[in-house]
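Structure first, then comments.
The values are calculated or read from the model by the stated rules, or taken from the named source; none is laboratory data. Since the model is a prediction, treat every value here as computed from it, not as a measurement. Methodologically, a virtual Cβ is constructed for each residue, glycine included, from the backbone with ideal geometry; neighbour enumeration extends over all protein chains shown.
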Amino acid sequence: MTLLSILGVLSSAIFSGTSLLYTTLGEIIDQRAGIVNLGLEGVLLISGATGIAVTSLTGNPYLGVLSAALVGGATNLILGFLVVTRRGNQLASGLALMFFGFGASALIGKSFVGLKINGLPRLTIPGFGNLPPRYLSLIQFDTLIYLAIPCTLLIWWLLFRTRWGLGVRAVGENADTAFASGRSPHLIKYQALFVGGMLAGLGAAHLTIAYTLNWTEYMMGGRGFIAVALVIFSKWHPIRAIVGALLFSGAVAFQLLLQASGVQISPFLLDTIPYLLTILVLIVWGGSRKHSAPASLGRVYMGTE
Amino acid sequence: MMKKKMLYTVLSVLMALSLLLAACAPAATPTEAPAEPAVEEPVVEEPVEPAEPEEPMEEGPCLIIGALHGGPINDAGYNQAMHESVAAIAENIECVEIIEAENVPEEAGATATMENMISEGAGMIIATAFNHQYPALELAGKYPDVIFEHAGGWEMSGNFANFFGEPPDAWYMMGVAAGRMTETNKLGFVAAFPLGWSLTFANAFHLGAVSVNPDVETTVSFTFSWGDSAKEADTTNALINQGVDVITMHVDSPATIISTAESRGAYSIGFQSLHAQQFAPEYWISGTGYTLGGTLTWLTSTVLDGTWEPIFLRCSLWDGCMAMAPFGPKVPQEVQDEVMAVSAALESGETVVFTGPILDQEGNVVVAEGDVLTDDVMSSVDWLVQGMVGSPK
């Protein structure tokens, strides 16, 4: 294993972990407001397809990112209607949203399959411009990667240092109490879902517009569900989500490195490493989970009449 | 209670809607979404829609061909190549009408689609997806008057046959080009699954490369999905970080892999469709794709004049069933000439790709001296040639 390949694992972890981080942050906000969004995979697909479509039509990747975020937020509002206004079961509604996302994204992305787009520009860090190209391309990150950490800090600040964040957390713990203190649980849940959906949209946008640079159907490959697992891993805390996202995508990159370096282990087995790692972490951390999960997570708020 | 009832109504409408939409989309990767709402939810409407609305015809076509594909027909990959091959029939024989359905992923959907096509009058069915062979074979028994052709299959019956290109020769030529172009002597092959054909292609590629450059090492990595773009990008990067400087692939759409290689300054070689070249304006070496239009046209003409017989049809680069993309701007003339010379040697039979002795990675003889690996064995290969990196099982 060379220096390049080890740096490469880190670089791959950052490149493919960024979309996971944004998505996980989005799900953290949803769940902090008491809503389990199992439709995340569908939200990712719809916003990813929209991002590609807009980028391809306008030629401007930033517009693509913006529209992906907005569409992500809007898609999450569908879930909001089902589980907040209609008081539906969150798990069933989430799965319905996921299947809806499969179909809707295929429809949106249909004419953009196999098209080449201009992705988000990759910026060179000043002072590193004279590295050999193979090394340089490892650290030429795009804007969404640079914004990932500031965005995480912003979400932390929003959740733990603002009145709005207090409201979101209060609704997630006990909506009746939040209502009694003069907040509108419904409104807050909708707001949280919209913000969470926008973050998922950013995640999808990074994957399609900055990383793979093209659209294939069902291309999220279960990342929406990984993000749900990472929320538990990060104990509903934005900062720990960074570790989770990097660890998972690092494990993917690492197993690919093992494959490429000729380790005589079945690739079938290697391919399961990231998932086994996720399960392992969930088991190890599972014991103390009860203390950090929002108390009324998944519960339907029937209103205070 | 009322509200609950209404909720279920809304939910079931949503479910049915998503089902309908999903029917127009390809299969999810096998690792995800085991939940199939179709099991619990009785669907009133037929989930499969015909690709084109039925039109009243003034003059009946001489033959209606129903063609179905597993994925989207604009993927710059396998499905597009097959779509263009089918479309060529109608261009060459004017009176033929084609009903086409794309994104038919599952076997059940394929059966319904084909029955639909037959009920619309299709006298010939062309199924291009790998997993549609058995649904088509089953229907061939049910509709003895309809002729079925499957791309790449091996089963045969009275009205069921198959056709395909012969990629190993093409892969060998691409290997020659790669072996000459590499500076690091490391080639990378991204494959979806360790399937027989994928391993055969990788082996042929490697054998071509070592025939001109004995120091070459080919690394095979698997993504375990025909279309997980992000993982394809990760895999390509992992290979390049290991020093690989020529990348090729056997996945559905080569778009992501070639774009990634291009952005890292690594050469790429395309496969499936000739359209792949657009993703690598600078570091493109060459590529091969399926161009089965002529073969399908001929098959159709035999159906029309009543001489169609079930044959196991395989045709090569030189019969026009496959084609080679133009060389990229960085490929020197000597290399181009050498590849063309190898092409001529393969065509004349002077060079045969899998001629023994061939050893696998552990040094076992897999093709004995004087033997040649035959077509029927190629689909079940589970070894990689000595000197290749990666685990085939």
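In this structure, is residue B:300 of a type in the set (Val, Ile, Thr), under 24 Å from residue B:178 (Cβ atoms), in contact (Cβ under 8 Å) with a residue 12 or more places away in the chain and crowded, with 18+ Cβ neighbours inside 10 Å? Judged against the criteria, residue B:300 is not a match. When we screen A:131, A:82, A:120 for residues that are more than 20 Å from residue A:221 (Cα to Cα), more than 22 Å from the chain's Cα centre (by Cα), surrounded by 14 or more Cβ atoms within 10 Å (Cβ to Cβ) and not hydroxyl-bearing (Ser, Thr, Tyr), the only hit is A:131.
When we screen A:96, A:49 for residues that are among the aliphatic types (A, V, I, L, M), surrounded by 24 or more Cβ atoms within 10 Å (Cβ to Cβ) and free of Cβ contacts under 8 Å to residues at least 60 places away in the same chain, the only hit is A:96.
Restricted to the stretch A:117-146, and to residues there that are in contact (Cβ under 8 Å) with a residue 24 or more places away in the chain and in a loop (DSSP other than H, G, I, E, B), the residue that is farthest from residue B:76 (Cα to Cα) is A:139. Put simply, of A:202, A:193 the only residue that is surrounded by 19 or more Cβ atoms within 10 Å (Cβ to Cβ) and in contact with a Cys (Cβ under 9 Å, 6 or more places away or on another chain) is A:202.
Here residue A:91 does not qualify as at pLDDT below 95, surrounded by fewer than 17 Cβ atoms within 10 Å (Cβ to Cβ) and closer than 16 Å to residue A:218 by Cβ.
Which condition from (1) touching a His at 6+ places or on another chain (Cβ under 9 Å); (2) more than 11 Å from chain B (Cβ to nearest Cβ) is the one that residue A:19 breaks? Residue A:19 satisfies all of (1) touching a His at 6+ places or on another chain (Cβ under 9 Å); (2) more than 11 Å from chain B (Cβ to nearest Cβ) except (2). Looking at the stretch A:95-112, is at least one residue at pLDDT below 95, within 26 Å of residue B:262 (Cβ to Cβ), within 13 Å of chain B (Cβ to nearest Cβ) and in a strand (DSSP E or B)? The answer is no; no qualifying residue exists.
Quickly run through the stretch A:55-68 and pick out the residues that are surrounded by fewer than 24 Cβ atoms within 10 Å (Cβ to Cβ) and assigned to a helix (DSSP H, G or I). Of everything in the stretch A:55-68, those that are surrounded by fewer than 24 Cβ atoms within 10 Å (Cβ to Cβ) and assigned to a helix (DSSP H, G or I) turn out to be A:56, A:57, A:58, A:62, A:63, A:66, A:67. Within the stretch B:267-285, not a single residue is at the interface with another protein chain (Cβ under 7 Å from one of its Cβ atoms), in a helix (DSSP H, G or I) and of a type in the set (Gly, Ala, Ser). Checking B:381, B:365 one by one, the residue that is of a type outside the set (Gly, Ala, Ser) and surrounded by fewer than 17 Cβ atoms within 10 Å (Cβ to Cβ) is B:365 and no other.
Is there a residue in the stretch A:249-272 that is surrounded by 24 or more Cβ atoms within 10 Å (Cβ to Cβ) and more than 10 Å from chain B (Cβ to nearest Cβ)? Checking the stretch A:249-272: not a single residue is surrounded by 24 or more Cβ atoms within 10 Å (Cβ to Cβ) and more than 10 Å from chain B (Cβ to nearest Cβ). Checking each residue in the stretch A:268-295 for being modelled with pLDDT under 90, in contact with a helix residue (DSSP H, G or I) (Cβ under 7 Å, 6 or more places away or on another chain) and either in a helix (DSSP H, G or I) or closer than 30 Å to residue B:387 by Cα (or both) picks out A:277, A:278, A:281, A:282, A:285, A:289. Looking across A:43, A:36, one residue alone is in contact (Cβ under 8 Å) with a residue 60 or more places away in the chain, within 22 Å of residue A:145 (Cβ to Cβ) and of a type outside the set (Phe, Trp, Tyr). It is A:43. Among residues belonging to the stretch B:60-110 that are touching a residue at least 24 places away in the same chain (Cβ under 8 Å) and of a type in the set (S, T, N, Q), point out the one that is surrounded by the fewest Cβ atoms within 10 Å (Cβ to Cβ). Out of the qualifying residues, it is B:92.
Within the stretch B:111-170, restricting attention to residues that are more than 16 Å from residue B:311 (Cα to Cα) and of a type in the set (S, T, N, Q), the residue that is surrounded by the most Cβ atoms within 10 Å (Cβ to Cβ) is B:128.
Counted as qualifying within the stretch B:126-240 are the strands (runs of 3 or more DSSP E) with 1 or more residues that are under 21 Å from residue B:343 (Cβ atoms), out of contact with any helix residue (DSSP H, G or I) (no Cβ under 7 Å at 6 or more places or on another chain) and modelled with pLDDT under 95, namely B:160-165. Mind counting the residues in the stretch A:210-247 that are among the hydrophobic types (A, V, I, L, M, F, W, C) and within 12 Å of chain B (Cβ to nearest Cβ)? Of the residues in that region, 7 qualify. Sub-9 Å Cβ pairs linking a first residue in the stretch B:374-393 that is away from chain A (no Cβ under 14 Å) and on the phi < 0 side of the Ramachandran plot to a second residue that is acidic (Asp, Glu) and part of a loop (DSSP other than H, G, I, E, B), at least 6 apart or interchain, are B:375/B:166, ordered by first then second residue. Taken across the stretch B:280-294, residues that are surrounded by fewer than 18 Cβ atoms within 10 Å (Cβ to Cβ) and either out of contact with any helix residue (DSSP H, G or I) (no Cβ under 9 Å at 6 or more places or on another chain) or among the hydroxyl-bearing types (Ser, Thr, Tyr) (or both) do not occur at all. Quick check: is even one residue across the stretch B:193-214 farther than 13 Å from residue B:388 by Cα, touching a strand residue (DSSP E or B) at 6+ places or on another chain (Cβ under 9 Å) and either surrounded by 24 or more Cβ atoms within 10 Å (Cβ to Cβ) or not assigned by TED's automatic domain parsing to the domain that holds residue B:261 (or both)? Scanning the stretch B:193-214 turns up no residue that is farther than 13 Å from residue B:388 by Cα, touching a strand residue (DSSP E or B) at 6+ places or on another chain (Cβ under 9 Å) and either surrounded by 24 or more Cβ atoms within 10 Å (Cβ to Cβ) or not assigned by TED's automatic domain parsing to the domain that holds residue B:261 (or both).
Per-residue answers, yes or no, for (1) modelled with pLDDT of 95 or more; (2) crowded, with 16+ Cβ neighbours inside 10 Å; (3) out of contact with any strand residue (DSSP E or B) (no Cβ under 7 Å at 6 or more places or on another chain):
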site	(1), (2), (3)
B:312	no, no, no
B:327	yes, yes, no
B:337	yes, no, yes
B:341	yes, no, yes
B:349	no, no, yes
B:352	no, no, no
B:356	no, no, no
B:361	no, yes, no
B:369	no, no, yes
